[in-house]
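The values are calculated or read from the model by the stated rules, or taken from the named source; none is laboratory data. What you see is a predicted model; the values in this text were computed from it and never measured. Cβ atoms come from the backbone with ideal geometry, glycine included; neighbour counts cover every protein chain shown. Please note that ligands, DNA and RNA were not included when accessible areas were found on the heavy atoms of the full protein model with its side chains. Shrake-Rupley method; radii C 1.70, N 1.55, O 1.52, S 1.80 Å.
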Amino acid sequence: MMAVGTILFVLLLALLILFFLRQLWIQRHLPPGPLALPLIGTFWASGLWIREDYFRKPVKRYGNIYTLSGGPHLAVVLSGFKTVKEVMTSFPEEFSDRSEDAFMTALGKKKGIIFSNGHVWKEQRHIGITSLRKLGLGKKSIEHQMEDTVQMLVETFKKTKGQPFDPSIPVINAVSNIICALSFGHQFEPEDESFQKLIQALEIIVKFSGSFFHMTFIMFPRLMNYLPGPHQDALASIEVINSFAKQEIEKHKESSCLHEPQDFIDHYFLQMEKSRNDPNSTYNEENLAQCIVDFFAAGTETTMATLMWALLLLTNHPDIQEKVQKEIEEAFSSSVSISYQDRKKLPYTNAVIHEMQRLKNVLLFGLPRQSTKDVTMKGYHIPKRTIILPDLRSVLLDPEQWETPEEFNPNHFLDKDGKFMEREEFLPFGIGERICVGEQLARIEIFIFLTNLLRAFSFRLPEGVKELNEAPILNVTMHTHPYKLCAIPTKAKN
């Protein structure tokens, strides 16, 4: 028996050595990176838990292009503005696919805009862009609905009567209702049970993303399908959102306005009608439902988190807040509502909004891409189906591009005359073929919400609180720790 055990041990050791040598051979032309071990890949070096410097720390040792791996997945990380821009613009088609790990496949089923590839992605992205553009026009435009929603938010804040309160619940309700208005043509009362289930489902998915169980699910999907844990709650939450979307689609079949589309579902139905004789068309109800799921996944938590960071930073920096309020007051002394076009009248305010997004970008990294074929890049061989990770945070905090990258400094977006200036290094919405479809929607929403809130209130620290915590809660997104502030009506200030 002892001899048999010794033989098995030797065979196992030999297999591990062969596997190790095979890994070295396969990766000999890849960018440098930590040694990949069987099963766990490079997690032994980088860890299973996401940290703020998770992708920036290896740069010191391996440079701006390096390799990580986990289980069967090989990833090349791009760091810093120059590297991200050069690589992503040099290989726009080659790095345009979405990666296909087990959780992303469960989340998107290879349909819709975010998680699809090829012909499906091109058609769904097209309808997403064109419908958003059309919904931005006219008297019933989405921007006008944002103005109505933010006024409801102002009224909610007023009810606190200057006492400390947590702004997260009213903010998430307002932001989610914007996506409802966009997708379904109507909003929900905050107390609506189905609406609250939708928001809870989104929060479960966001908390799961980037967690230990998420990483484990990616590495061992078949095993994890049979085990209990947060991954099962996340998978169930995906179905909650999908069912919510499908219910609204069924309601639209009874009252759809193809001659005058009012929302995204109407525009999609119209495109389905136009394409019904096209055998290659991917416009169908399954893709429509997934597009709506994508809108909620990409447009709710990210915008909500951005607004929460904005309120926190403005409360911690009252001098910057007062300069913004003074600029708004001078430009809009009357009761005229502020629209997105008015940003040209508010250069400092515009700079502050951009700086908040730069410093506290919600996404730790851009959503993973995947190489569509073998590529030679900067002397390295990138095999087909390699995950490409553009580290957006490294771009937004790049010390070669920003004067004080770790500080809240609106002057990053102002010229010597105090005029707002665009920066090509400002990439919170991604770069290349997969840049966020809802970028313009998010820009409008953040601007309208913040300018109208700052016009109505001064945000102050609760009594006895010296500063709100600026450290993030980390997973795939970066959220604030729970906090309370005081919303003091500006009229009461005078």
Scope the range 427-440; condition assigned to a loop (DSSP other than H, G, I, E, B) and touching a helix residue (DSSP H, G or I) at 6+ places or on another chain (Cβ under 8 Å); matching residues: Leu427, Pro428, Phe429, Gly430, Ile431, Cys436, Val437, Gly438
Among residues of the range 65-81, those that are out of contact with any strand residue (DSSP E or B) (no Cβ under 7 Å at 6 or more places or on another chain) and either open to solvent by less than 20 Å² (accessible area, probe 1.4 Å) or modelled with pLDDT of 95 or more (or both), counted: 3
Those residues of the range 437-470 which are buried (at least 20 other Cβ atoms within 10 Å of the Cβ) and of a type outside the set (A, V, I, L, M), in sequence order: Gly438, Glu445, Phe447, Phe449, Thr451, Asn452, Phe457, Phe459
Hits in the range 130-168 - residues which are out of contact with any Pro (no Cβ under 8 Å at 6 or more places or on another chain), open to solvent by 60 Å² or more (accessible area, probe 1.4 Å) and not basic (Lys, Arg): Leu137, His144, Asp148, Gln151, Met152, Glu155, Gln163
Test: residue in the range 188-201 that is under 30 Å from Gly70 (Cβ atoms) and either assigned to a helix (DSSP H, G or I) or not hydrophobic (A, V, I, L, M, F, W, C) (or both): yes
The range 379-405, residues that are at negative phi, charged (D, E, K, R), touching a residue at least 12 places away in the same chain (Cβ under 8 Å) and open to solvent by 30 Å² or more (accessible area, probe 1.4 Å): Lys384, Glu400
Residue in the range 408-424 that is under 22 Å from the mean Cα position of the chain (by Cα) and aliphatic (A, V, I, L, M) present: no
Count of the range 476-494 residues which are in a helix (DSSP H, G or I) and surrounded by 13 or more Cβ atoms within 10 Å (Cβ to Cβ): 1
Members of the range 54-89 that are farther than 22 Å from Asn475 by Cα and in a loop (DSSP other than H, G, I, E, B): Gly63, Asn64
The range 419-436, residues that are open to solvent by less than 40 Å² (accessible area, probe 1.4 Å) and in contact (Cβ under 8 Å) with a residue 60 or more places away in the chain: Glu425, Phe426, Leu427, Pro428, Gly430, Ile431, Gly432, Arg434
Residue pairs meeting the criteria (Cβ under 6 Å; at least 6 apart or on separate chains; first closer than 21 Å to Asp294 by Cβ, in the range 77-103; second of a type in the set (Lys, Arg) and modelled with pLDDT under 90): Phe95/Arg369
Candidates Leu270, Leu235, Leu258 - the one that is outside any helix (DSSP H, G or I) and open to solvent by less than 80 Å² (accessible area, probe 1.4 Å): Leu258
The range 273-293, subset among the acidic types (Asp, Glu) and part of a helix (DSSP H, G or I), residue farthest from Phe449 (Cα to Cα): Glu273
All positions within the range 87-107 that are among the acidic types (Asp, Glu), open to solvent by 30 Å² or more (accessible area, probe 1.4 Å) and in contact with a strand residue (DSSP E or B) (Cβ under 9 Å, 6 or more places away or on another chain): Glu94, Asp97, Glu100
Members of the range 441-477 that are touching a helix residue (DSSP H, G or I) at 6+ places or on another chain (Cβ under 7 Å) and either farther than 27 Å from Glu327 by Cβ or of a type in the set (S, T, N, Q) (or both): Thr451, Asn452, Ser458, Asn475, Thr477
So Ile473, is it in a strand (DSSP E or B), within 20 Å of Ala297 (Cβ to Cβ) and open to solvent by 20 Å² or more (accessible area, probe 1.4 Å): yes
The range 424-445, residues that are of a type in the set (A, V, I, L, M) and either touching a strand residue (DSSP E or B) at 6+ places or on another chain (Cβ under 7 Å) or modelled with pLDDT of 95 or more (or both): Ile431
Helices (runs of 4 or more DSSP H) contained entirely in the range 294-378, each with at least 2 residues that are more than 24 Å from Ile473 (Cβ to Cβ), open to solvent by less than 10 Å² (accessible area, probe 1.4 Å) and in contact (Cβ under 8 Å) with a residue 60 or more places away in the chain: 318-331, 347-359
Residue count for the range 108-129, restricted to those that are modelled with pLDDT of 90 or more and either surrounded by fewer than 20 Cβ atoms within 10 Å (Cβ to Cβ) or more than 20 Å from Asn287 (Cα to Cα) (or both): 8
